[in-house]
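Participant: Handing you this structure, nothing more for now.
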Amino acid sequence: MRTHHASARVVLLIGLILPAGTVSGQSPGPSKPATMTIGRLHYDGGGDWYAHPSSLPNLLRAIREHTGLRVADREVVVTLADEQLWTVPYLHMTGHGNVRFSDQDLVTLRRWLQLGGFLHASDCYGMDESFRREMKRLFPDRELVEVPLDHPIYHVVHAFPKGVPKIHEHDAKPSQGFGIFLDGRLAVFYDYESDLGDGWEDIEVHHDPPEKHEAALRMGVNLFAYAVGYGAAR
């Protein structure tokens with residue numbers, strides 16, 4: 001699975017890893033180390049896609065510290081109509097309300113995922129019903145299934161033998177990690193009854209215990225590492 005997981009990202013990430021001019025046949029200029037970042041998905045429907053403003057900068061810092069990957073200091077905000085969508089390997093979406101994709105959004109997102117993109121959705125309490133509806137529109141023939149505990153997202157960098165950590169209580173249900181697989185590759189991950197995004201925020205925002213804040217960040221590091229093929233050859 002890991003070999004397939006790494007190769008599936010070649011098309012999407014080619015612009016991140018090849019020097020300018022390589023694809024077109026021009027002589028490349030001086031090579032610069034690739035810098036990746038996370039795309040915060042600005043979706044329609046009325047939900048607060050902008051929730052947790054400190055979360056992604058904190059996660060990006062943790063990714064640098066825990067993996068040595070070259071990542072930016074901040075995320076970029078993208079819609080599914082933006083060209084910049086095709087420069088990010090990892091999309092994050094969150095919020096408390098409604099999510100709605102247009103028909104063209106669905107075409108674009110489906111293609112982006114099929115070419116190796118990774119979508120992480122974190123239910124911030126209130127997004128669950130509309131997110132599940134839109135995933136069914138996105139892939140009518142596929143279900144959100146619980147990701148098995150032996151999957152690499154639970155051990156690629158940090159070990160989570162019990163699965164996605166429980167950060168906030170919400171309805172006091174167990175935290176679960178659901179996914180959609182494309183040709184054996186996890187392309188969509190949905191943390192439910194966990195709220196990783198809240199856990200990534202500055203501690204003083206929600207007053208999470210330090211151990212929960214750290215657990216949330218470590219799980220986020222695993223998700224990004226998996227998305228970009230980190231450790232795929234191990």
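The values are calculated or read from the model by the stated rules, or taken from the named source; none is laboratory data. Being a predicted model, the structure only gives us computed values, none of them experimental. Note that each Cβ is placed from the backbone with ideal geometry, even for glycine, and that neighbours are counted across all protein chains shown. Areas reflect the complete protein model, heavy atoms only, side chains present, ligands, DNA and RNA absent. Shrake-Rupley method; radii C 1.70, N 1.55, O 1.52, S 1.80 Å.
Participant: Kindly establish whether LYS136 is basic (Lys, Arg) and over 18 Å from MET219 (Cβ atoms).
Facilitator: yes
Participant: Then there is this: Go through HIS42, HIS120, HIS66, HIS92 for me and flag whichever is open to solvent by 40 Å² or more (accessible area, probe 1.4 Å), modelled with pLDDT of 95 or more and under 21 Å from PRO165 (Cβ atoms).
Facilitator: That would be HIS66, the only listed residue that is open to solvent by 40 Å² or more (accessible area, probe 1.4 Å), modelled with pLDDT of 95 or more and under 21 Å from PRO165 (Cβ atoms).
Participant: Please work out which one of (1) buried (at least 18 other Cβ atoms within 10 Å of the Cβ); (2) in contact with a Ser or Thr (Cβ under 9 Å, 6 or more places away or on another chain); (3) at pLDDT below 95 is the condition VAL205 fails and give its number.
Facilitator: Going through the list (1) buried (at least 18 other Cβ atoms within 10 Å of the Cβ); (2) in contact with a Ser or Thr (Cβ under 9 Å, 6 or more places away or on another chain); (3) at pLDDT below 95, VAL205 breaks only (1).
Participant: Looking at the stretch 95-117, which of the residues that are among the aliphatic types (A, V, I, L, M) and touching a strand residue (DSSP E or B) at 6+ places or on another chain (Cβ under 8 Å) is surrounded by the fewest Cβ atoms within 10 Å (Cβ to Cβ)?
Facilitator: LEU113
Participant: Taking the stretch 183-200 as the search range and keeping residues that are surrounded by fewer than 22 Cβ atoms within 10 Å (Cβ to Cβ) and acidic (Asp, Glu), which one is modelled with the highest pLDDT?
Facilitator: Applying the filter and picking the extreme gives ASP183.
Participant: OK, next. What is the number of the single condition among (1) assigned to a loop (DSSP other than H, G, I, E, B); (2) without any contact (Cβ under 8 Å) to a residue 12 or more places away in the chain; (3) not aromatic (Phe, Trp, Tyr) that ALA81 does not meet?
Facilitator: Condition (2) is where ALA81 drops out.
Participant: Turning to a different aspect of this structure: Of everything in the stretch 126-153 that's touching a His at 6+ places or on another chain (Cβ under 8 Å) and not aliphatic (A, V, I, L, M), which residue is most open to solvent (accessible area, probe 1.4 Å)?
Facilitator: For the stretch 126-153, the residue satisfying everything is GLY126.
Participant: Follow-up question, since we're still on this one. What number goes with the only condition from (1) within 18 Å of the chain's Cα centre (by Cα); (2) surrounded by fewer than 22 Cβ atoms within 10 Å (Cβ to Cβ); (3) in a loop (DSSP other than H, G, I, E, B) that PHE178 does not pass?
Facilitator: Among (1) within 18 Å of the chain's Cα centre (by Cα); (2) surrounded by fewer than 22 Cβ atoms within 10 Å (Cβ to Cβ); (3) in a loop (DSSP other than H, G, I, E, B), PHE178 violates only (3).
Participant: Residues in the stretch 208-225: is at least one touching a helix residue (DSSP H, G or I) at 6+ places or on another chain (Cβ under 7 Å) and in a loop (DSSP other than H, G, I, E, B)?
Facilitator: yes
Participant: Do you know which residues across the stretch 156-170 are open to solvent by 80 Å² or more (accessible area, probe 1.4 Å) and either in contact (Cβ under 8 Å) with a residue 12 or more places away in the chain or in a helix (DSSP H, G or I) (or both)?
Facilitator: Selection gives PRO161, LYS162.
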